[in-house]
């Protein structure tokens with residue numbers, strides 16, 4: 001939790017709660033982890049079924065306050081996701097919930113949160129009264145030095161006393177190493193600064209370590225071995241200057257390994273994403289540099305905070321896998337930066353030459369910059385033609401998004417209702433797919449089942465939610481069908497083979513990632529869209545304004561295909 005690994009924290013807390021069901025604190029931490037990860041709906045569902053508030057009756061006031069504040073925290077998150085009158089109305093609800101807990105327990109945490117939410121709701125006078133109360137209470141409580149100082153700073157900002165806030169923030173920064181706490185405070189105080197017209201530069205003492213996506217050329221003509229000392233020095237200098245605390249990237253010989261070594265030397269977190277099996281990656285992307293690079297790769301991999309693979313399939317000479325791997329690393333860097341409210345940038349060792357294939361450093365830079373994000377370039381060598389992942393060539397394997405869907409309850413329909421089902425249910429779903437035109441590369445159906453391949457995750461996400469909208473708008477009862485029919489959809493993104501189906505004589509898409517997608521859908525609740533971690537990472541990279549992925553935990557897939565981290569796809573607001 002302190003490192004901002006909220007999804008892992010949720011999994012750990014859930015597992016601990018199963019072993020110790022009477023441990024109220026660990027159950028509360030599970031809800032808090034989801035809330036901090038932005039999974040508001042899932043956190044609310046877990047809280048509603050937990051019975052936590054009843055379980056803390058008679059507990060110390062601090063624990064009672066923490067538990068009681070969870071519901072208000074979720075109301076606050078919903079308020080801040082809204083706009084205009086709806087935002088003010090929801091903020092009032094959150095403020096009332098925080099204040100009720102404060103009046104009952106007389107503690108500063110819920111008091112200062114009530115003050116800020118009343119400010120959001122538009123009642124500055126009441127907010128000021130509560131800010132004064134919070135400042136008085138926190139001095140009486142003699143609690144944790146960080147939260148005491150942070151509460152004083154927030155109260156000062158609500159009261160428009162920036163000099164007092166600055167002094168309190170310096171004390172807070174000196175007292176805290178919990179990055180999640182810093183992120184939570186920073187978001188809250190940024191909100192207050194915005195509402196009160198104060199300069200957010202006041203919050204400088206609470207700045208989080210920078211998150212980076214790293215990459216660059218392999219040892220080659222583009223990055224000659226004799227340039228290594230100079231490049232390594234430039235990497236080290238930039239990591240120090242930018243206060244980098246987290247790095248996401250791959251681990252090929254050359255720039256990747258240099259970044260990994262520099263991150264580890266500084267105690268920063270190293271998160272490695274490999275494009276396929278580790279042994280095959282060593283052979284394809286590390287061994288060409290020589291045995292010394294193999295040893296360095298092994299040491300970095302062993303010391304990494306996490307290691308993930310972007311596909312379970314093999315390389316097979318398809319460079320699209322390198323591009324997919326880079327995009328997942330970028331997405332995960334952005335997700336971590338969002339969790340920690342931290343600065344994020346891309347840092348690459350690059351000769352400045354344009355792309356010459358479907359993957360490589362130049363492609364990574366173009367992908368990152370597409371949404372106006374910052375890239376720092378450490379220059380190396382001169383253009384020598386070709387790019388790191390290989391030369392351009394036609395490939396039968398490309399990366400696309402996939403949906404599998406079916407209608408729960410279909411298998412119990414009698415033959416007499418088949419025609420009605422096709423007209424009243426499958427017909428509207430088909431017309432919904434038609435709206436996505438060329439974004440759909442392939443569609444197939446069998447009875448109630450759908451298999452759809454789309455160009456990218458943004459189109460797939462929009463299509464999946466549109467299918468659910470269509471299903472919810474239907475009235476099965478009106479045509480004699482059971483009212484309990486519900487659509488469930490699983491979505492994934494990965495490399496697939498495009499080939500002609502020998503039986504049907506039509507183009508189709510195949511591969512292990514297709515099978516993985518098919519195994520998700522049976523575990524998805526009707527009415528929802530479940531997506532995989534790669535899908536969520538690429539949504540974070542593409543950054544559609546109206547879509548979000550909320551974590552639901554590690555979910556076992558059908559037919560014992562494995563247990564994977566899963567998200568539920570939602571519209572924002």
For 406, 77, order by how many other beta-carbon atoms lie within 10 Å, fewest first
77, 406
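Mind sorting 146, 530 by how few other Cβ atoms lie within 10 Å of their own Cβ, fewest first? Provide the component values of the computation, followed by the final result.
Working: 146 19, 530 25.
Starting with the residue having the fewest Cβ neighbours, the order is 146, 530.
Kindly state, to the nearest 0.05, the FRET efficiency for residue 466 paired with residue 280, given R0 = 30 Å and r defined as their beta-carbon distance.
Working: r = 39 Å, r/R0 = 1.28.
Calculated value: 0.20.
Using the beta-carbon distance between residue 89 and residue 129 and R0 = 22 Å, what value does 1/(1 + (r/R0)^6) give for FRET efficiency, to the nearest 0.05?
Details: r = 21 Å, r/R0 = 0.96.
Efficiency, from the Cβ-Cβ distance: 0.55.
Going by how many other beta carbons lie within 10 Å of each one, how would you line up 408, 559, 76, 570, fewest first? Don't skip to the end; give the middle numbers.
Details: 408 17, 559 9, 76 26, 570 20.
Taking fewest neighbouring Cβ atoms as first place, the list is 559, 408, 570, 76.
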Which residues in the stretch 475-511 place their backbone N less than 12 Å from a point set 7 Å from the Cα of residue 366 along the Cα-to-Cβ direction?
none
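Which order, highest average first, do 134-142, 6-14, 193-201 follow once you tally other Cβ atoms within 10 Å for each residue and take the mean per peptide? Please list the in-between numbers first.
On the way: 134-142: 16.9, 6-14: 20.4, 193-201: 13.0.
Packing proxy ranking, top to bottom: 6-14, 134-142, 193-201.
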Only bridges with both residues in the stretch 210-379 count here: give the DSSP antiparallel percent, nearest 5.
5 percent
Between the stretch 439-468 and the stretch 409-424, what's the alpha-carbon centroid distance in Å?
22 Å
Förster-model FRET efficiency, 30 Å R0, residue 100 and residue 18, C-beta, rounded to 0.05
0.40
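Could you work out the relative contact order of the chain? I mean the mean sequence separation of Cα pairs under 8 Å and 6+ apart, divided by the number of residues, in percent.
On the way: 1076 pairs, mean separation 60.5, N = 573.
For the chain, the relative contact order is 11 percent.
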Once the piece of chain linking residue 445 and residue 53 is laid out straight, how much longer is it, given 0.36 nm per residue of separation minus the C-alpha distance between them?
136.4 nm
Using Cα pairs closer than 8 Å and at least 6 residues apart in sequence, work out the relative contact order for the stretch 210-379, in percent.
28 percent
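None of the figures in this text is laboratory data; all of them are computed from the coordinates on show. Keep in mind it's a predicted model, so treat the numbers as computed, not measured. Cβ atoms come from the backbone with ideal geometry, glycine included; neighbour counts cover every protein chain shown.
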